[in-house]
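> Just passing along the structure, written as structure tokens.
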2 protein chains.
Amino acid sequence: MSQPPPNVLSFAACDPSSGAGSHADALTITGMGCHPLPIVTAITVQDTSGVKEVLPLDAQWIDRQARIVLNDVPVHAFKLGVLGSTKAIETITEILLDYPEIPVVLDPVLASGQGDVLTSTEMIETIRAMLLPRTTVLTPNSIEACRLANVNKDQSTYSDYSLLEESAYRLLGLGCQYVLITGTHEDTPEVINALFADNECLRSDAWKRLPHHYHGSGCTLSSAIAAMLATGKTVPDSVVIAQEYTWKALAAGYQPGKGQYIPNRFFRNEEKEDIAQNMHGVQIAGKS
Amino acid sequence: MSQPPPNVLSFAACDPSSGAGSHADALTITGMGCHPLPIVTAITVQDTSGVKEVLPLDAQWIDRQARIVLNDVPVHAFKLGVLGSTKAIETITEILLDYPEIPVVLDPVLASGQGDVLTSTEMIETIRAMLLPRTTVLTPNSIEACRLANVNKDQSTYSDYSLLEESAYRLLGLGCQYVLITGTHEDTPEVINALFADNECLRSDAWKRLPHHYHGSGCTLSSAIAAMLATGKTVPDSVVIAQEYTWKALAAGYQPGKGQYIPNRFFRNEEKEDIAQNMHGVQIAGKS
């Protein structure tokens, strides 16, 4: 290889199972043909069943890790996951504002897949006020979308489309350019993702719900979107390709321990399944 | 994939360029078909030109990260890189002693490829006294081998084979089962690696020296050996396969920034070069 691949810089916490977090981002970014620049925001103690402890790094160490590679390597997209502290969010926002032309994918990991709280109320307020205006694509699940948008959710948003729509439009109103709300955590027979921008739903896609629970599906999707943006693709095209990639990685996943399955981000070497048989566009309930 | 792959647990520092360290280990382990369990020992501030700062983690955080996944996921090989502190070396040795049946590959990263010191004199003494007796395969370059073995080196060890041999036998005498001394840092026209055990040189292999300097070649080689051990292969077979893999990853490498090249650990998707054309067994100077 003579021409180096596009570079994706991720801010994320480390997960010793590698199912989620910084290493999962690096594997996904590489699986999508880009080069990863992993900036560590926190150390976690977790296994495939859940997060036990989080050690956020001092924000100055996040700043130093990021600035040194930004001065060395041209970055083509940013991906943000667990950020660790309010001060870290402020520090990272300052870095992003110094590189205004680079797209930002923000996966707002408010809780782990098992419900462990990873982001405090103060951090959510800082994300809303500082980060969302600098976000190109926000990728909350439906629960995170309602929480970030301060929409009261006591039922499945995919059963009541008006809640989903209201969350998306409020989040766009806070300044992010695109919102992709994912339905992995819903109880619908199919997983439905919906992409919003400019006060409309640009597209919604559905896949059959896979039989297992997965550790790191959100990291995979958001890192894959960032990788496709880094190659110069549009946001809608990046989302479609990343969704297909993520579905395939989950379908090829495996269970290394006693808990959740982990996506196989290099399924391409092993499986040839045709995603077109699995994905189809959908009209979601109540969509006008 | 229904059957999960073998698992390799690595203790290593994070490198925000991903050329070396924990993320490089994870990419290599995955590239070799295994699942990575990355335990972070330190955060570094570095780019593709060198290491600027190291923040070692408190040993208790290393212990907690490792113990939780060891209780969840069956580990088939350990790989050790930069460990960060004397206390960390002690803590990690205790963990290894609790799992005496699992092979250990130790890459003694005494200095980075650019000469930055990553391991203090006290840490080297602790490695000699505690870690080497629990090491299956030690993978020093010729400079590190002499330093670990307290052999005085003022010339190329591959020009004076007796120095190389003396270092290897002293290191075996300290308790490790195999020593693979690498010649990447020498000035010989070919890179020569030599594998020692039971007071003999089992094999030595040579490749043409590639034109660039690489960031993370040692991490790639040692992680690939650990991955092959995790699949149940013998040490000599693991070394041969890992050497071929590393040579190909380096040959397919790219330069993401202003400094060194980075191995392409997923070259298989792109290149079909036949390693058999590049590698050949050698008689090293003075070998009896």
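The values are calculated or read from the model by the stated rules, or taken from the named source; none is laboratory data. Just so we're clear, the structure is a prediction, and the values are computed from it rather than from any experiment. With ideal geometry, Cβ positions are generated from the backbone for all residues, glycine too; neighbour counts draw on all protein chains shown. All accessible areas refer to the heavy atoms of the entire protein, side chains included, with ligands and DNA or RNA removed. Shrake-Rupley method; radii C 1.70, N 1.55, O 1.52, S 1.80 Å.
> Which residues, counting only those in region A:1-15, are in contact with a Leu (Cβ under 7 Å, 6 or more places away or on another chain) and within 7 Å of chain B (Cβ to nearest Cβ)?
A:Asn7
> Also: Of everything in region B:7-30, what is part of a helix (DSSP H, G or I) and closer than 14 Å to B:Ser217 by Cα? Give them in sequence order.
Answer for region B:7-30, where residues must be part of a helix (DSSP H, G or I) and closer than 14 Å to B:Ser217 by Cα: B:Gly21, B:Ser22, B:His23, B:Ala24, B:Asp25, B:Ala26, B:Leu27, B:Thr28, B:Ile29.
> Oh, and also: Does A:Leu164 meet the test of being among the aliphatic types (A, V, I, L, M), touching a Gly at 6+ places or on another chain (Cβ under 9 Å) and open to solvent by less than 20 Å² (accessible area, probe 1.4 Å)?
Numbers: among the aliphatic types (A, V, I, L, M): yes; touching a Gly at 6+ places or on another chain (Cβ under 9 Å): yes; open to solvent by less than 20 Å² (accessible area, probe 1.4 Å): yes.
Here the answer is yes, as A:Leu164 does meet what is asked.
> Here's a follow-up. Tell me which residues, restricted to region A:116-141, are open to solvent by less than 20 Å² (accessible area, probe 1.4 Å) and modelled with pLDDT under 90.
Correct list: A:Thr119 only.
> Can you tell me how many residues in region B:16-37 are in contact with a strand residue (DSSP E or B) (Cβ under 7 Å, 6 or more places away or on another chain) and facing chain A (nearest Cβ under 8 Å)?
So the count comes out to 10.
> Continuing with this model, one more query. Of everything in region A:217-241, what is open to solvent by less than 10 Å² (accessible area, probe 1.4 Å) and of a type in the set (S, T, N, Q)? Give them in sequence order.
Of everything in region A:217-241, those that are open to solvent by less than 10 Å² (accessible area, probe 1.4 Å) and of a type in the set (S, T, N, Q) turn out to be A:Thr220, A:Ser222, A:Ser223, A:Ser238.
> Condition test on A:Glu244, is it within 20 Å of A:Val137 (Cβ to Cβ), surrounded by fewer than 21 Cβ atoms within 10 Å (Cβ to Cβ) and at pLDDT below 95? First the steps, then the outcome.
Working: within 20 Å of A:Val137 (Cβ to Cβ): yes; surrounded by fewer than 21 Cβ atoms within 10 Å (Cβ to Cβ): yes; at pLDDT below 95: yes.
In short, yes.
> Restricting the first residue to region A:69-92 and requiring it to be of a type in the set (Asp, Glu), which pairs with a second residue that is open to solvent by 10 Å² or more (accessible area, probe 1.4 Å) meet a Cβ separation below 7 Å and a spacing of at least six or different chains?
Taking only residues 6 or more apart or on different chains, the pairs are A:Asp72/B:Asp47; A:Asp72/B:Ser49; A:Asp72/B:Gly257; A:Asp72/B:Lys258; A:Asp72/B:Gly259; A:Glu90/A:Thr126; A:Glu90/A:Met130.
> In region B:42-82, which residues are among the small types (Gly, Ala, Ser), part of a loop (DSSP other than H, G, I, E, B), within 8 Å of chain A (Cβ to nearest Cβ) and crowded, with 21+ Cβ neighbours inside 10 Å? First the steps, then the outcome.
Here is the first cut: in region B:42-82, the ones among the small types (Gly, Ala, Ser) are B:42, B:49-50, B:59, B:66, B:77, B:81.
Now restrict to residues that are part of a loop (DSSP other than H, G, I, E, B): B:49, B:81.
Now narrow it down to the ones that are within 8 Å of chain A (Cβ to nearest Cβ): B:49.
None - no residue of region B:42-82 is among the small types (Gly, Ala, Ser), part of a loop (DSSP other than H, G, I, E, B), within 8 Å of chain A (Cβ to nearest Cβ) and crowded, with 21+ Cβ neighbours inside 10 Å, so the list stays empty.
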